Amino acid sequence: MALAGRTIAVVGGGVGGLAAALALARRGADVTLWERAPELGEVGAGLQIGPNGVAVLEALGVAGRLAAQASLPEAVELREHRSGRLVARVPLGAAARARYGRPYWHLHRADLLAALADAAVAAGVRLRLGHEIAAADDIELAGAEVVVAADGVRSRLRAATGADGGARFTGQVAWRGLVPADRLPPVLARPAARVWMAPGRHLVSYPLRDGRLVNFVAVEERAAWADEGWRQPGDPAELRRAFADFGGDAGALVAAVSDCFLWGLFGHPPLPRWQAGRVVLLGDACHPMLPFLAQGAAMALEDAWTLATALDAAPDPAAGLATYERLRQVRATRVQRASAQNARVYHLGTAARGPVHAALRAASALAPGLLAGRFDWLYGCDVTRAG
Ligand code: FAD
């Protein structure tokens, strides 16, 4: 299916849908993107994009613009929540570039969406904002040879592939927001990702936009999520109560929060099928993952590139969609599982923490390369080399 002139509909204008629309249009497809929100945008929040995601942004031609907006973390630091004592440090910065040939980025989500949307429009994508698509047989999609369902974890189009049920609450909630750096200890504006680990909870912070803002994600295990929606305005007082035993810089960060959103984290087990007929799933619609490896957006970028190259090289749409599914399924499922595993390490109970933290501390001090090397399979993958 050489893509030139082929008609493709993309449903969803998040990172996955915009990247897919751009990659398909660059290969000559006639792409319309449907997004239910009246504007492309996102609540103020950051995204970590590993070198594997940066590889796709480079291939899509948007990395130059984003490099000027990205923060470059020197390391990921794992710390104890009360004392702030360092447990382990995984070098990024120059180490990531030397190891993978590309940087690790921290980006404002709005900057990433704007770069992808501008490039997509320049490549000829028609954006249809404020249009909710009810199902894969919606009249708006009638003329499309391929329908890309990039409509997020609560996908309505997923049912077209025979997937049963919706997304389920994972037992985790996340408060998320941005704090002006001038309200915080200066160390929090230094370029690094910090993770404070506590039983059943953890807090992540990293600076954005030249250190003027500090992004935070605070995750807590909970039995139930009562709200109908999956995101709601968060109550900073409730956040402070839940993280009251976090000390030092982490405590200062929690104390300084004045606005935040609360997310119920939803997911479903890996799907046996990613495509059926002309419909194909991509990003969170297909493989939602807990944010503990910070890879959901990067996986959506990898999906987008692989889908466009597979369709372009195939004799017909069905063959292209089958190739995409085959190329992506094993890796995305592995990342889904590894993200859930990281949740267990971050949230260890009081008894297990001691020995595990001691082992991490020893590994970090004696063989820092060993800790970094654990993620070579993830960050060292460049899906753009295949196509
Ligand atoms: P979404 O971003 O959910 O986009 C779906 C789009 O579809 C939305 O714009 C929605 O309005 C639209 N839509 C939905 N239904 C319809 C419909 N019926 N008709 C039309 N439009 C529709 N990932 C990282 O890589 N790094 C991180 O650091 C990171 N941190 C995270 C922290 C938290 C707390 C959370 C919750 C997630 C995090 N992620 C991170 C994951 C990442 O945000 C997602 O994996 C990624 O945004 C998925 O993109 P998507 O395009 O598949 O879906």
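For (1) over 30 Å from Glu80 (Cβ atoms); (2) buried (at least 24 other Cβ atoms within 10 Å of the Cβ), each residue gets a yes or a no:
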{"position": "Leu282", "(1), (2)": "yes, yes"}
{"position": "Pro288", "(1), (2)": "no, no"}
{"position": "Ala298", "(1), (2)": "no, yes"}
{"position": "Ala322", "(1), (2)": "yes, no"}
{"position": "Ser339", "(1), (2)": "no, no"}
{"position": "Arg344", "(1), (2)": "no, no"}
{"position": "Ala359", "(1), (2)": "no, no"}
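The residue that is surrounded by the fewest Cβ atoms within 10 Å (Cβ to Cβ), counting only those in segment 154-177 that are more than 9 Å from the ligand (Cβ to nearest atom) and among the hydroxyl-bearing types (Ser, Thr, Tyr), is Thr170. Flag: Leu107 does not match the condition of being within 10 Å of the ligand (Cβ to nearest atom) and part of a helix (DSSP H, G or I). Residues in segment 95-104 that are out of contact with any Phe, Trp or Tyr (no Cβ under 9 Å at 6 or more places or on another chain) and assigned to a loop (DSSP other than H, G, I, E, B): Gly101, Pro103.
One residue stands out among those in segment 137-153 that are closer than 14 Å to Gly17 by Cβ and open to solvent by 20 Å² or more (accessible area, probe 1.4 Å): the one that is farthest from the ligand (Cβ to nearest atom), which is Val153.
Restricting segment 117-136 to residues that are within 13 Å of the ligand (Cβ to nearest atom), touching an Asp or Glu at 6+ places or on another chain (Cβ under 8 Å) and within 26 Å of Asp316 (Cα to Cα) leaves a set whose member that is most open to solvent (accessible area, probe 1.4 Å) is Leu127.
Selection over segment 261-280 of residues that are open to solvent by less than 10 Å² (accessible area, probe 1.4 Å), touching a helix residue (DSSP H, G or I) at 6+ places or on another chain (Cβ under 6 Å) and among the small types (Gly, Ala, Ser) gives a count of 0.
The single condition from (1) touching a residue at least 24 places away in the same chain (Cβ under 8 Å); (2) open to solvent by less than 50 Å² (accessible area, probe 1.4 Å); (3) more than 17 Å from the chain's Cα centre (by Cα); (4) within 21 Å of Asn52 (Cβ to Cβ) that Leu327 fails is (2).
Taking strands (runs of 3 or more DSSP E) that do not extend beyond segment 196-260, which have at least 2 residues that are open to solvent by less than 30 Å² (accessible area, probe 1.4 Å) and within 16 Å of the ligand (Cβ to nearest atom)?
Numbers: elements: 201-208, 213-221, 231-233.
Qualifying strands (runs of 3 or more DSSP E): 201-208, 213-221.
Within segment 76-94, how many residues are outside any loop (DSSP other than H, G, I, E, B) and at positive phi? First the steps, then the outcome.
Restricting attention to segment 76-94, the residues satisfying the condition of being outside any loop (DSSP other than H, G, I, E, B) are 76-80, 86-91, 93-94.
Next, only the ones that are at positive phi stay: 93.
The number of residues fulfilling the criteria is 1.
Between Arg85, Arg99, which is surrounded by fewer than 21 Cβ atoms within 10 Å (Cβ to Cβ), without any contact (Cβ under 8 Å) to a residue 12 or more places away in the chain and over 15 Å from Pro191 (Cβ atoms)? From the options Arg85, Arg99, the qualifying one is Arg85.
Working carefully through the options Ala144, Ala114, Ala160, find the one that is modelled with pLDDT of 95 or more and assigned to a helix (DSSP H, G or I). Spell out the reasoning first.
Numbers: Ala144 fails: assigned to a helix (DSSP H, G or I); Ala160 fails: modelled with pLDDT of 95 or more.
Going through Ala144, Ala114, Ala160 in turn, just one is modelled with pLDDT of 95 or more and assigned to a helix (DSSP H, G or I): Ala114.
Listed by position, the helices (runs of 4 or more DSSP H) contained in segment 261-372 that have at least 3 residues being more than 30 Å from Gly5 (Cα to Cα) and away from the ligand (no atom under 16 Å from the Cβ) are 317-346, 350-366.
Looking across segment 16-44, the residues that are in contact with a strand residue (DSSP E or B) (Cβ under 8 Å, 6 or more places away or on another chain) and within 7 Å of the ligand (Cβ to nearest atom) come down to Gly17, Trp34, Glu35, Ala37. Entry remark, segment 48-63: residues being in contact (Cβ under 8 Å) with a residue 60 or more places away in the chain, away from the ligand (no atom under 11 Å from the Cβ) and not aliphatic (A, V, I, L, M) number 2 in total. Any residue that is touching a Phe, Trp or Tyr at 6+ places or on another chain (Cβ under 7 Å), near the ligand (Cβ under 10 Å from one of its atoms) and either under 22 Å from Trp196 (Cβ atoms) or of a type in the set (Ser, Thr, Tyr) (or both) - is there at least one of those in segment 71-85? No, that holds for no residue.
The values are calculated or read from the model by the stated rules, or taken from the named source; none is laboratory data. In this text, all values refer to a predicted model and were calculated from it rather than measured experimentally. Positions of Cβ are generated from backbone atoms using ideal geometry, with glycine treated the same way; all protein chains shown enter the neighbour counts. In case anyone asks, the SASA skips ligands and DNA or RNA and just uses the protein heavy atoms, side chains included. Shrake-Rupley method; radii C 1.70, N 1.55, O 1.52, S 1.80 Å.
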